[in-house]
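First comes the structure, then the notes that go with it.
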Amino acid sequence: MLGVWLLLWGSLALGGRADTAFLRRAHDSSGHCTYSFTVASPVEAACPEAASGVPELRAELAALAARLSRLESRERGAGGSGPRGAEPGGARDPQQVAAASRLEAAYGELLRAKSRLEEEKGRLEREKEELGRRLESSAQEITRLRAARCPPGREGPGRDTLRGLAEPAHAVPGPAAAPRWEPQPLSYQELQSERSEVPVSRLLEEAALGRPGKEDSAGCGQLLWVGEPVVFGRADSIAGKYGVWMKDPEPVPPFTRDNTWRVDTVGTEVRQLFQYEEAEQLARGYPAKVHILPRPLESTGAVIYRGGLFFQPRQSRSVARYDLRGESITAEREIPGAGYHGQYPYSWGGYTDIDLAVDETGLWVIYSTEKARGAIVLSKLDPETLEIRRTWETNIRKRGVANSFLICGTLYTVSSYSAPNATINFAYDTATGTSRALSIPFENRFRYLSMLDYNPAERQLFAWDSFNMVTYPVRLSRP
């Protein structure tokens, strides 16, 4: 109603059509103040008797407008809404409505974000508690292992050994890549090792089952059984994750069958051949001599035979002979069509394209060619000239097996390099040119078999299983 009064007053004050309507205030018969509107007559032009009341009416309207203005100002001061003192039930400004909506939406989003943060905080606190429990359990396990491996009075690994573990190295490509390894200068390399104690009763049992007596040491037969691995040493340097270790089944003076040889094959320039007087020295980790090869070798396919190290030079399809006495390469020959540097490796990788082996019948090379379409190819080599005497092509895919070795002219393959309960799964007889499936249990104790060779003099398998140098006793059928 305040707006109506102001409208009427504005029309009168601005000189509008004042003759259209008039407001009159007067006392009624009972003495009350009343207001009334007067509308001009459409017939009569003027009403002389009422003209004298117009100034009085205008004065009253002015006083009323002033009073209403004071009331409006007082209402604004008390928290009224709108620039003109609009009543609570009146219409609101659209901009104010939109701003209020945005504020409400932002406030709701803040509440939801707060809820999410509280949930995340709770989750992190739970993970922190779980991690604390695991760390405590790990610390207890480490303490137990240290107490078991390092009893009072014995020292653990030296500081130099621990530093060697942290040095950057570079592994040959394979399923598991290692950092780069730089060759050591012409000096001895100190490596820590550990030895597993085996009960005498077990050794006697394995000897009775798998190792022939003197009367039939030269006899040949089919592989029937492979025993549990026996650890001879462990390489604690990162360069020893993959490697090859061996003995010469037919040594030449001044070397004997007790001499043990080892190559750590992690690196791009693998040249160090470690010589040990006996296996016990290998277990202690102190070589008697370190040979520096004239050419770096590739992967874990090397063997020692008749006073020479036979190996594949890096990134080549050749085989070379390094004379251990003269400390020089005396022969080198290319294997025609042989894949190399990752073309036809074993399933574990490691550039194991060309693998050398020794058995009772002599020196062998295991590889594949494009013509063979990835199947294993065997060639018999002359140990002096490396000339190929004869070649056999099998139907066993090289990438489908983890490793292989020869016994008495028969090739045997291993099903997996990482499965704890693997098998000797195939055999190829070069005498008959036929292959057959096998299922002889074979244990990968440390879950990463990178080298496996047979030593006919020891009648054992030599293997490298994730830093560990191990042997497996075997049993052959009688010829």
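The values are calculated or read from the model by the stated rules, or taken from the named source; none is laboratory data. In this text the structure is predicted, and so the values were computed from the model without any measurement. When we count neighbours, we look across all protein chains shown, and the Cβ atoms used for this are built from the backbone with ideal geometry, even at glycine. Calculation scope for accessible area: heavy atoms of the full protein, side chains included, ligands and nucleic acids excluded. Shrake-Rupley method; radii C 1.70, N 1.55, O 1.52, S 1.80 Å.
Summary of computed values
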| quantity | calculated |
| --- | --- |
| Scope the range 406-424; condition under 19 Å from TRP392 (Cα atoms) and of a type outside the set (A, V, I, L, M); matching residues | CYS408, GLY409, THR410, TYR412, THR413 |
| Those residues of the range 326-346 which are in a strand (DSSP E or B) and either of a type in the set (Val, Ile, Thr) or closer than 24 Å to PRO251 by Cα (or both), in sequence order | SER328, ILE329, THR330, ALA331, GLU332, ARG333 |
| Pairs with Cβ under 7 Å, 6+ apart, first in the range 240-255 and at pLDDT 95 or above and of a type in the set (Asp, Glu), second assigned to a strand (DSSP E or B) and buried (at least 18 other Cβ atoms within 10 Å of the Cβ) | ASP248/ILE304; ASP248/TYR305; GLU250/TYR305 |
| In the range 341-355, the residues that are within 9 Å of GLU298 (Cβ to Cβ) and either touching a helix residue (DSSP H, G or I) at 6+ places or on another chain (Cβ under 6 Å) or open to solvent by 10 Å² or more (accessible area, probe 1.4 Å) (or both) | HIS341, TYR351 |
| Selected residue (criterion: surrounded by the fewest Cβ atoms within 10 Å (Cβ to Cβ)) from residues of the range 250-297 that are β-branched (Val, Ile, Thr) and within 37 Å of the chain's Cα centre (by Cα) | ILE292 |
| Scan of the range 302-325 for residues that are closer than 21 Å to ASP258 by Cα, without any contact (Cβ under 8 Å) to a residue 60 or more places away in the chain and outside any strand (DSSP E or B), ordered by number | ALA302, GLY307 |
| Selection from the range 431-471 of residues that are open to solvent by 20 Å² or more (accessible area, probe 1.4 Å) and part of a strand (DSSP E or B) | THR434, SER435, ARG436, ALA437, LEU438, SER439, PRO441, GLU443, GLN460 |
| Residue match in the range 239-254 (condition: at negative phi and assigned to a helix (DSSP H, G or I)) | yes |
